[in-house]
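Shown next, in structure tokens, is the structure this report addresses.
The values are calculated or read from the model by the stated rules, or taken from the named source; none is laboratory data. These figures come from a predicted structure and were not determined experimentally. Positions of Cβ are generated from backbone atoms using ideal geometry, with glycine treated the same way; all protein chains shown enter the neighbour counts. Note: areas computed on protein heavy atoms with side chains; ligands, DNA, RNA excluded. Shrake-Rupley method; radii C 1.70, N 1.55, O 1.52, S 1.80 Å.
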Amino acid sequence: MTVDTKRCVGCSACVIACKTENNVPEGCYRDWVVQETSGTSPDLQLEIRSERCNHCQHPACVTACPTGASHVNEGGAVLVSAHKCSGCKACMAACPYDARFVHPDGHIDKCTFCLHRTAGGGLPACVSVCPTGALAFGDLNDPDSPVWKLLASRAYEVRHPETGLEPNLFFLE
Amino acid sequence: MGTFSRRQFLKIAGAGAAAAAVGSGLSTRWWGLDPDPIPDPGTEGDRVVPTFCELCFWKCGVLAHVRDGVVTKLTGNPDHPLSRGRLCPRGAGGTGLLYDPDRLKRPLIRVEKRGEQQFREATWEEALDFTAEKMLAVRREHGPEALALFLHGFGGSWFKHLVKAYGSLNISAPSYAQCRGPREVGFYTTFGSIIGSPERTDLENSRCITLIGSHLGENMHNTQVQELADALARGAGLVVVDPRFSVAASKATHWLPIKPGSDIALLLAWIHVILKEGLYDADYLAKHAVGLDELKKHVSDKTPEWAWTHTTIPPEKIVETARFIAGARPASVIHPGRRVTWYGDDTQRARAMAILNALLGSWGRKGGICIPSSMDIPEYPYTAYAHKPKAPADMPKGSSYPMADEVLSSGVCDATIPGTSEYDIRAWLVYGTNLVKSLPSPARVQEAIQALDFLAVVDVLPVEIAGWADVVLPECTYLERCDDVYAATYKVPFLAVRQPVVEPMFDSKPGWWIAQEIGRRIGLSDYFPWKDSTEYAMHRVHAAGYDCDDLRRTGVIVGKAPPAFEEDGLELTFGTPSGKIELYSGQLRDAGFDPLPVYTPPEEPPPGMFRMLFGRAPSHSFGRTINNRLLCEVFAENEVWVNDRICAEQGLTDGDRIMLVNQDDARSGPVRVKATRRIRPDCVYLVHGWGTKEKGLTHAYGKGASDSDLVTRFKTDPIMGGTGMNVNFVRLERV
């Protein structure tokens with residue numbers, strides 16, 4: 001997934017759409033918006049990022065999970081099988097993105113890239129709702145996918161590259 | 001396939017896509033094969049009903065997904081020109097209103113003194129009889145004009161009709177004199193047309209967009225923000241004039257952190273530079289405009305150096321931005337703004353913005369300001385209004401605001417205080433607007449309310465004004481009712497329908513039914529011949545020759561747009577007295593006002609005080625959404641923005657709780673400080689609508705500060721009666 005920080009206005013429609021799409025409990029978030037100010041007035045900069053699980057290539061959360069609940073599915077999305085999860089929070093400690101939370105039902109929960117939608121060719125709810133078109137989703141290996149095109153043509157960065165986890169959430173600059 | 005390990009798979013995929021920007025990665029092709037799938041949350045629903053939103057007044061098309069009779073989620077209607085398949089957070093969060101446990105559930109009748117909030121539940125029969133009896137008494141004793149209707153929102157049309165049939169023209173919305181009114185008059189006197197809503201800007205084709213205090217992106221009018229984002233992605237320039245480093249400012253090519261209240265000085269200096277350097281569209285002006293010579297003379301001494309002293313914007317920056325804006329003409333638009341009731345000279349500021357648009361040749365041009373169209377649909381036939389009412393009472397006795405083209409809510413409120421206007425208002429019907437928060441000067445509003453014979457409130461939530469009512473009539477939400485058909489005036493004309501998604505909850509009723517039932521009880525049955533709102537709306541659609549089934553199935557019928565721009569062959573016409581763009585306004589001159597905008601410096605904040613500015617958050621529509629639990633998950637309460645250096649001086653740190661105390665010793669409730677570089681040191685900023693004192697709003701009660709409580713003063717625009725509210729100063733007091 002790509003997040004275009006130039007387009008994003010930080011409205012949080014992505015958060016509301018995710019919450020209603022996935023019945024995310026009150027006080028819990030699978031995605032969220034960060035605003036960071038830098039510079040000195042009048043030369044200020046504001047970076048706005050819609051954040052979520054980075055579905056890392058080498059997910060520390062999966063390595064840390066003692067029960068196998070946290071796993072990588074066939075397509076590369078990092079998921080939690082609720083019925084295998086003991087709620088031990090080892091994955092939460094391992095995640096540098098703070099992308100996981102304890103669901104009131106006791107298991108760990110997080111972004112699924114709306115697998116129930118995307119498996120059938122749809123878009124995640126956050127991407128679908130985004131009024132500024134800041135979010136794009138697709139197959140990183142498909143040159144016809146919007147994310148491939150964006151990453152081929154735009155400068156981008158990832159959060160916490162130093163961890164070596166190879167995150168799959170790309171922030172376009 | 002299931003036998004591949006993940007690493008094998010990635011290796012294969014990586015080899016097949018050597019050009020992939022990031023090497024191996026996520027591949028959606030393989031999804032669905034997971035042996036341990038994630039359960040589908042099932043929110044897609046068993047049926048989808050198209051309707052349109054009422055969380056703000058942009059009226060986006062939404063698709064309501066319903067499962068087992070419960071609305072699970074709201075998504076954007078891809079066919080609707082105002083949503084294009086996408087929604088803002090409020091639109092997506094409408095279920096938070098529908099399922100708000102604090103909703104008004106049953107009619108209420110006051111049992112104690114007004115304002116003491118002692119109510120008893122009543123049946124609809126009793127509440128409607130009571131309302132009818134009071135309305136008849138007002139008409140009998142004082143004439144029908146003594147009843148005023150205040151309204152906000154699309155469902156208000158039913159009550160407008162009721163009050164017109166009853167015989168009063170005192171029908172007003174605070175969205176005029178407290179919001180966009182000055183801009184309408186400023187543009188009307190210049191171009192002969194108002195801006196209207198949705199704004200007729202063509203941002204998607206703009207090469208340069210200039211925002212004067214407008215905070216698009218935080219003001220989240222869906223399509224407008226979509227267009228802004230698209231324009232920026234295309235490389236359009238953006239100039240933002242704002243004392244605050246707004247979200248829009250953060251995306252701007254030029255941010256001008258102007259001293260609050262000095263916008264007219266900047267605009268005149270820009271006009272000066274553009275005229276002096278010959279950067280204006282001379283052919284366009286020669287063809288369409290009058291008054292260029294007078295304008296040139298008027299701004300000859302309005303140099304960037306002169307403006308610098310007022311605005312604090314360096315002269316070279318003024319020159320640079322003037323050239324930048326003019327360089328993109330005619331696809332360069334000075335956005336007219338939305339809430340523009342700031343300093344009492346707001347019509348003149350809007351005039352300066354309109355003049356600048358004229359110099360850029362942007363009116364009627366692509367990337368500028370379009371000429372919108374609408375689909376013509378006949379009225380539902382009903383008996384002509386019998387009574388010829390007196391003119392509205394919204395002007396003070398012996399004076400007037402000659403250019404006002406709508407009724408002034410603030411004026412009608414004043415007319416309720418006996419002896420203020422030509423005649424007294426004795427009763428209010430209030431639909432969907434919390435006047436306690438939307439009108440300036442809370443003390444004056446309270447005085448007016450206490451002078452009333454009768455106050456009826458129709459609303460979805462127990463907002464403050466409902467606490468003052470004699471009778472409270474609980475309306476169902478927009479997701480539970482059909483309203484009139486919406487024939488938009490937009491660059492693409494369309495019809496949209498609001499249809500009930502689920503049955504009304506509790507004992508709430510749709511507005512059309514409430515209005516009709518009151519009408520029946522006061523002898524106005526002839527004016528309400530329709531079976532219900534669906535029959536009403538569909539009758540109109542059918543009479544216009546459109547397919548009702550089609551409309552109900554898709555939620556929208558998009559018409560064919562006639563040319564909206566001169567480039568497309570549109571012949572531009574102007575509804576001004578001269579039939580031309582009036583740079584110099586003879587109309588204003590004849591009415592005794594400055595024919596060209598004049599800058600008057602605003603009053604300075606006293607030492608130790610800061611000008612209080614207020615605006616919007618993308619996830620809220622002023623006080624209407626503060627109790628929406630879903631939306632509060634992303635914005636739980638407002639904070640007061642204070643410059644970080646000021647915080648350091650006053651020993652305040654981010655997150656401290658303080659009170660705001662204004663020049664008249666009005667105090668806010670405790671509010672958290674946002675210590676930030678993103679605002680000038682001479683002002684503070686609040687998101688409007690918070691700090692409710694209404695305990696019935698259990699989620700919002702006690703959260704944030706009320707800017708409205710601090711607007712004890714306002715400055716009235718002499719041209720059209722708008723109430724400039726950015727004239728209050730506050731100091732910061734520790735809790």
### Message
In chain B, if the dipole is taken from +1 on Lys/Arg beta carbons and -1 on Asp/Glu beta carbons about the Cα centre, which of B:PRO440, B:GLY181, B:HIS272 is farthest to the positive end?
### Response
B:HIS272
### Query
Given R₀ = 56 Å, FRET efficiency for B:GLU294-B:LYS560 by Cβ-Cβ distance, to 0.05?
0.85
### Query
So if R0 is 22 Å, what FRET efficiency would B:ARG589 and B:LYS276 give, r being the distance between their Cβ atoms, rounded to the nearest 0.05?
0.35
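Explain nothing, just the number: dipole magnitude of segment B:47-98 about its Cα centre with +1 on each Lys and Arg Cβ and -1 on each Asp and Glu Cβ, in debye rounded to the nearest 20. Display every interim value, and only then the final one.
On the way: 7 positive and 3 negative charges, 23 e Å.
Using Cβ point charges on Lys, Arg, Asp and Glu, segment B:47-98 gives about 120 debye.
Between rounded, prolate and oblate, where does segment B:610-734 land on the alpha carbon gyration tensor, with a ≥ b ≥ c its root eigenvalues, rounded for a/c under 1.5, else prolate if a/b exceeds b/c?
Oblate, because a/c is 1.5 or more while a/b does not exceed b/c.
Pairs of alpha-carbon atoms within less than 8 angstrom and 6+ residues apart define the contacts here; what relative contact order does chain A have, in percent?
Values: 315 pairs, mean separation 50.3, N = 173.
Worked out over chain A, it gives 29 percent.
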### Message
Which of rounded, prolate or oblate describes chain B when judged by the alpha-carbon gyration tensor and an a/c cut-off of 1.5?
### Response
rounded
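Sort largest first and round to whole Å: the equivalent ellipsoid semi-axes of segment B:127-196, each the square root of five times a Cα gyration tensor eigenvalue.
Numbers: eigenvalues 195, 33, 18 Å².
Value: 31, 13, 9 Å, ordered largest first.
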### Message
Please list, ordered by chain and number, the residues whose modelled amide H lies under 5 Å from the amide H of B:GLU639; skip anything fewer than 5 residues away on the same chain.
### Response
B:VAL687
#### Entry: Rg ratio (alpha-carbon, reference 2.2 N^0.38 Å) - chain A
1.03
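Given only helices, namely DSSP H runs of n ≥ 4 each adding -39500 (n - 2.57), what is the per-residue ellipticity at 222 nm of chain A, to the nearest 500 deg cm²/dmol?
Per the formula, -5000 deg cm²/dmol.
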### Query
Could you state the number of Å between the C-alpha centres of segment B:586-616 and segment B:657-673?
25 Å
### Task
Compute, for B:LEU630, the solvent-accessible surface of its heavy atoms (probe 1.4 Å) with the complete set of protein chains present, and express it in square angstrom to the nearest 10.
30 Å²
### Query
If you take the charge dipole of segment B:352-480 about its Cα centre, with +1 on Lys and Arg Cβ and -1 on Asp and Glu Cβ, which of B:LEU473, B:VAL460, B:ALA358 is farthest toward its positive end?
B:ALA358
### Query
What residues qualify as long-range amide H neighbours of A:LEU135, i.e. H under 5 Å apart, gap of 5 or more or another chain, H built at 1.01 Å from N?
A:ASP4
### Positive-pole candidate from B:THR253, B:TRP308, B:ALA326, dipole of segment B:226-345, charges at beta carbon
B:THR253
### Hz values of 3J(HN,Hα) by residue in segment B:511-526 - Karplus curve (6.51, -1.76, 1.60), Gly and Pro given as x
x, 4, 5, 4, 4, 5, 5, 5, x, 4, 6, 10, x, 10, 3, 4
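Evaluated at 4 °C with a viscosity of 1.567 mPa s, what Stokes-Einstein diffusion coefficient in µm²/s does the protein assembly as shown have when Rh comes from the Kirkwood expression over alpha-carbon pairs? It would help to have the intermediate numbers written out before the result.
Numbers: Rh = 29.0 Å.
Translational diffusion coefficient: 45 µm²/s.
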### Summary
Computed about the Cα centre, the charge dipole of the protein assembly as shown from +1 Lys/Arg and -1 Asp/Glu charges at the Cβ has a magnitude in debye, to the nearest 20, of 740 debye
### Message
Test of understanding: extend the Cα→C-beta vector of A:ALA93 to 7 Å, then name every residue of segment A:39-77 with backbone N under 17 Å from that spot.
### Response
A:60-70
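Dipole size in debye (nearest 20) for chain B around its Cα centre, Lys and Arg Cβ +1, Asp and Glu Cβ -1? Intermediate values should be presented prior to the final figure.
Details: 83 positive and 89 negative charges, 264 e Å.
That gives chain B a dipole magnitude of about 1280 debye.
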#### Entry: Spacing of the two label points (7 Å from each Cα toward its C-beta) at B:ARG553 and B:GLU535, in nm
2.5 nm
#### Entry: Label-point gap, in nm, between B:THR600 and B:SER525 - each point 7 angstrom along Cα→Cβ
5.6 nm
#### Entry: Spin-label pair A:GLN45/B:THR489, simplified geometry with 7 Å Cα→Cβ offset, distance in nm
4.4 nm
### Message
If packing is taken as the average number of other Cβ atoms within 10 Å across a peptide's residues, how do B:244-256, A:144-156 rank, most packed first?
### Response
B:244-256, A:144-156
#### Entry: Using θ = phi - 60° and Karplus 6.51 cos²θ - 1.76 cosθ + 1.60, couplings along segment B:447-463 (whole Hz; Gly, Pro as x)
4, 5, 4, 5, 8, 6, 7, 7, 9, 10, 10, 10, 7, 8, 10, x, 6
#### Entry: Heavy atoms of B:SER399 accessible to a 1.4 Å probe, total area in Å² rounded to 10
60 Å²
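Calculate for chain B the 222 nm mean residue ellipticity that helices alone would give, adding -39,500 (n - 2.57) per DSSP H run of length 4 or more and normalising by residue count, nearest 500 deg cm²/dmol. Please list the in-between numbers first.
Working: 25 runs with 213 residues, N = 735.
One gets -8000 deg cm²/dmol as the mean residue ellipticity at 222 nm.
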#### Entry: Reachable lysines, given that their alpha-carbon falls under 16 Å from the alpha-carbon of B:LYS164 and they are not under 8 places away in the same chain
B:LYS388, B:LYS390
### Task
Would you kindly state how much longer the chain becomes between B:THR698 and B:ASP301 on full extension, computed as 0.36 nm times their sequence separation minus their alpha carbon distance, in nm to one decimal?
137.3 nm
### Task
Mind giving me the FRET efficiency for B:THR253 and B:SER578? R0 is 30 Å, r the Cβ-Cβ distance, nearest 0.05 is fine.
0.25
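Considering every residue in A:126-139, what mean count of other chain Cβ atoms within 10 Å of its Cβ is obtained? Mind showing how you got there, number by number?
Details: counts 0, 0, 6, 12, 6, 22, 13, 6, 2, 0, 0, 2, 3, 10.
Mean partner-chain Cβ count within 10 Å for A:126-139: 6.
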### Query
Excluding ligands and nucleic acids, what accessible area in Å² is computed for B:TRP58 using a 1.4 Å probe, to the nearest 10?
10 Å²
